[in-house]
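Peer 1: Right, I'll just put the structure down here and ask away after.
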Amino acid sequence: MTSVLVRNGRIITATDDYIADILVEDGLIRAIGRGLDAGPQAEIHDATGMLVLPGGVDAHTHLDWDFGVARTVDTFATGTRAAAFGGTTTVVDFCNQGAASPLGALEDWHARAATASVDVGAHMILNRVDDEVLRDMRTLIQREGVTSFKLFMAYPGTLMLDDGGIFRVMREAAEHGAVVCLHAENGPVIQVLVDEAVAAGRTAPQYHEATRPAILEGEATQRAITLAQLTGAITYFVHLSASQALGAVTDARQRGQSIYAETCPHYLFLTREEYERDGFEGAKFVMTPPLRSREHQDALWLGLRTGTLSVISTDHCPFCMAEQPLGMLYSKQQGRDDFSKIPNGAPGIETRLPLVFDGGVRTGRISLNRMVELLSTAPAKIFGLYPQKGTIAPGSDADLVLLDPAETWTVRAAEHHSRVDYSLFEGRELTGRVRKVFLRGQLIVDGATWLGRDGMGRFLRRTTSASSDPR
Ligand code: URP
Ligand code: ZN
Ligand code: ZN
């Protein structure tokens, strides 16, 4: 039996804050207390002065993701290693139905996810609905541990489902207690605005933002909430960025609907002014929804404080700025002369915890407990992983992050572990740095040293049961 003792750290969960030792045996937390004795063979780690947090759960990643005309640059090996260095030990990644059946798509996803070095779950993106798809949904939920489905209200002609399709999926999900994740933007109206902008020669990256007004995120969010009300589906809005959408979620929650929403670090720490950068630089920030104004950002912080927003995920969807060495399929250069051809998405898997600690906790916007809830506990609960993941308690997986709250460092893409060639936060000075990361009791990150192994991550068969009482 392998024993690990993490001594004298300041343990932070969503509710507690105390100094103690953590005894780990066979990958699980066995005991928590003062002066624990682990025996002579134990591996001892002194955590004095460190915050000890439950491993992060990132519920929104696109690793090795086929976006049709583009493909994300991180494999499961590189993306999950980057996640670990950022204090994330679980990712729930998006499997794309594409042209296959959902079950066929999952098989393909498993083959690619086999190199993951942190634990992984899968959401299924449905871009087509028929009787076979609805049957597959049942099998995914009951047999495969895939208990959440993402639907797009944007990208007509490729990923978008119409309202009838959304209604059918929601009705099926509601019957089984599964979660429906929504990308809420009014795709058809955005398409008109995009076509008009391109036809008028407005082709620079800044027009990406100009053609995706916040009000169209609000409209789609409200429409999906109405369908959720009709069907009773547990609904989770991904990458929420607009105050109108937040307002719709607030009202729905007040009515007692099971509605949840996440936002992402880029909406909390960056604004639309980034699109005014010279030349093609604004392409770095081309993700959907786009960055918004300061007013929207202030509303998001309020939503995090008051509980309307339940989760902060990364939406890690990385494409390189340069064409080489990976090639045009992986590059933003596809849209050099036309913003509508820039692959939509941005990196962020490695910087979530340090950004939220520095810009959220240190600035007094949220508490340490709330940070843990947003980055780990709530996503674990909503997506059926709690209490195996998302907390520090006897019996839980020993996924632990030691964060030095005093160390100051500078974000540099060149020092990241992702294959992407830029960071949205290049040059930003942050205080608070991940020093050690344990996955099921095994030390995988020790300062700058990688001790993990490709393929050591396990597939997580998720339940639906823990989603009954998320904050
Ligand atoms: O721009 C983004 N967010 N790309 C990833 C796909 C999605 O909508 O989540
Ligand atoms: Zn989306
Ligand atoms: Zn996404």
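Taken together, the values in this text are just the output of simple stated rules run on the coordinates, not laboratory data. This one's a predicted model, so the numbers in the text were calculated from it and none came from an experiment. Here Cβ is always computed from backbone atoms with ideal geometry, including for glycine, and neighbour counts include all displayed protein chains.
Peer 1: What lysines could a cross-link reach from Lys341, if we take a straight Cα to Cα line under 25 Å and drop same-chain neighbours fewer than 8 places away?
Peer 2: Those lysines meeting the cut-off are Lys150, Lys284, Lys332.
Peer 1: Right, something else. Taking only Cα atoms, what is the 0 to 90° angle, nearest 10, from helix 76-85's long axis to the longest principal axis of the chain?
Peer 2: The helix 76-85 is inclined about 60 degrees to the chain.
Peer 1: In addition: To the nearest 20 Debye, how big is the dipole of the chain about its Cα centre, given +1 on the beta carbon of each Lys and Arg and -1 on that of each Asp and Glu?
Peer 2: It works out to roughly 680 debye.
Peer 1: Could you work out Rg/(2.2 N^0.38 Å) for the chain, with Rg from alpha carbons only? Please list the in-between numbers first.
Peer 2: Details: Rg = 21.1 Å, N = 471, 2.2 N^0.38 = 22.8 Å.
That works out to 0.93 for the chain.
Peer 1: Write out the trypsin sites (Lys or Arg not before Pro) in the range 238-327 meeting two conditions: DSSP loop, and at most 14 other Cβ atoms within 10 Å of their Cβ.
Peer 2: When the trypsin sites (Lys or Arg not before Pro) of the range 238-327 are filtered for loop state and at most 14 Cβ neighbours within 10 Å, Arg255, Arg277 remain.
Peer 1: Arg428's amide H: which non-local residues (gap 5+, or another chain) put their own amide H closer than 5 Å, with H modeled 1.01 Å from N in plane and none for Pro or chain starts?
Peer 2: Here the answer is Val411, since their amide H atoms fall under 5 Å of that of Arg428.
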